[in-house]
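The values are calculated or read from the model by the stated rules, or taken from the named source; none is laboratory data. All of these numbers come straight from a predicted model, not from anything done at the bench. Glycine gets a Cβ as well: all are built from the backbone with ideal geometry, and neighbour counts include every protein chain shown. All accessible areas refer to the heavy atoms of the entire protein, side chains included, with ligands and DNA or RNA removed. Shrake-Rupley method; radii C 1.70, N 1.55, O 1.52, S 1.80 Å.
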Amino acid sequence: MGYRVVVAGATGNVGREMLNILAEREFPADEIAVVASSRSTGDMVDYGETGKQLKIQNIEHFDPEGWDIALFAIGSEATKIHAPRFAAAGCTVIDNSSLYRMDPDVPLIVPEVNPEAIEGYRAKNIIANPNCSTAQMVVALKPLHDAATIKRVVVATYQSVSGAGKVGMDELFEQSRDIFVGNSATPHKFTKQIAFNVIPHIDSFLDDGSTKEEWKMVVETKKILDPKIKVTATCVRVPVFVGHSEAINIEFEDEISAAEAKRILREAPGVMLVDKHEDGGYVTPVECVGEYATFVSRVREDPTVDNGLSLWCVSDNLRKGAALNAVQIAELLGRRHLQKAA
């Protein structure tokens, strides 16, 4: 006996990727419902490459009674309305928005990092998926933290436009086309031109001069990995369609060499180490698209601090940064608690 699974926001980038990954990983679902806003009702979406198509239902009218798991990719405002309704009906919500991430009664989970935190899900019957940039970073940091205890992290992100949804991808495409034919590139979704440019601004500004995206990376890393770790982040939008990259500098309590770090990362769950000291001996966003792994390259010692390392981290933000992590949480929930497919 399998699960009855709902994918909410099935017409968006992340929702479609959730369907692809459920199909790819052969998640034990007896039934899949796809829901979205009223404007998408009646549209058809593919269930991965199975050849099966699913009809979109209106989330406003959908009854979650009797459904086991709902993967939400509908944004904070809609989640605020529908997640409590689904959870109260006995359908566990795995939410990709930022709404519940810092709620003390909602576990924030990356299965390779803190699977034990899922034990607290029953408080609200909701589990939070972290920010895309946080997810890949903590996958890379966890095994190193276990080995030498991280004190401080300095990270600069290079985040693709798909993190801003389909409208972000469309804007990069349209601006690039306009520039090639000699037209002006007018920003709509982003605050400045994104084609052939980088923008050091993601989400809203806070009083201290940081952005909300940077704040998310700080507080989510502490909640998932260790509250004692100091984190500072600079988050930058770059003209890449899919795949987030991060330059990470780490200071440890204990001594750790680059060679030891590489040995640890080779064995770490969810990590793929690609680190050759030669032209092309590293991973870029182009190579990570469609992959499950968090790729780590350029591991080296930082001589400017005691016990310091620097590394480069790349992952498909629509997968590990969102949809894959949500499906992995569903798999973890099934193994540890629901156990219908045992």
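Structure values in brief
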{"read-out": "Every residue from segment 1-57 that is over 19 Å from the mean Cα position of the chain (by Cα) and of a type in the set (S, T, N, Q)", "value": "SER37, SER38, SER40, THR41, THR50, GLN53, GLN57"}
{"read-out": "Subset tally (residues that are among the β-branched types (Val, Ile, Thr), within 15 Å of ALA247 (Cα to Cα) and free of Cβ contacts under 8 Å to residues at least 60 places away in the same chain) for segment 296-306", "value": "1"}
{"read-out": "Every residue from segment 128-149 that is open to solvent by 10 Å² or more (accessible area, probe 1.4 Å) and within 16 Å of GLU116 (Cα to Cα)", "value": "LYS142, PRO143, ASP146"}
{"read-out": "Looking only at segment 284-306, and only at residues there that are open to solvent by 100 Å² or more (accessible area, probe 1.4 Å) and among the acidic types (Asp, Glu), the one that is nearest to SER162 (Cα to Cα)", "value": "GLU301"}
{"read-out": "Subset tally (residues that are among the hydrophobic types (A, V, I, L, M, F, W, C), out of contact with any Leu (no Cβ under 8 Å at 6 or more places or on another chain) and without any contact (Cβ under 8 Å) to a residue 60 or more places away in the chain) for segment 119-137", "value": "2"}
{"read-out": "Sole residue being without any contact (Cβ under 8 Å) to a residue 40 or more places away in the chain and not polar (S, T, N, Q), chosen from ILE229, ILE150, ILE224, ILE199", "value": "ILE199"}
{"read-out": "Only listed residue being under 29 Å from ILE199 (Cα atoms) and of a type outside the set (Phe, Trp, Tyr), chosen from VAL327, VAL283", "value": "VAL283"}
{"read-out": "Long-range neighbours under 8 Å by Cβ, at least six apart or interchain, first residue within 16 Å of ARG319 (Cβ to Cβ) within segment 239-259, second open to solvent by 40 Å² or more (accessible area, probe 1.4 Å) and in a strand (DSSP E or B)", "value": "VAL240/TYR158; HIS244/TYR158; SER245/TYR158; SER245/TRP312; GLU246/TYR158; GLU246/TRP312"}
{"read-out": "Some residue of segment 257-277 being in contact with an Asp or Glu (Cβ under 7 Å, 6 or more places away or on another chain), modelled with pLDDT of 95 or more and aliphatic (A, V, I, L, M)", "value": "yes"}
{"read-out": "Of residues in segment 43-89 being without any contact (Cβ under 8 Å) to a residue 60 or more places away in the chain, open to solvent by less than 10 Å² (accessible area, probe 1.4 Å) and not aliphatic (A, V, I, L, M), the one farthest from ASN131 (Cα to Cα)", "value": "PRO64"}
{"read-out": "Enumeration of residues in segment 307-342 that are open to solvent by less than 10 Å² (accessible area, probe 1.4 Å), touching a helix residue (DSSP H, G or I) at 6+ places or on another chain (Cβ under 7 Å) and either free of Cβ contacts under 8 Å to residues at least 24 places away in the same chain or more than 29 Å from VAL240 (Cβ to Cβ) (or both)", "value": "LEU332, LEU333"}
{"read-out": "Restricting segment 12-42 to residues that are more than 20 Å from GLY290 (Cβ to Cβ) and of a type in the set (S, T, N, Q), the residue that is least open to solvent (accessible area, probe 1.4 Å)", "value": "SER40"}
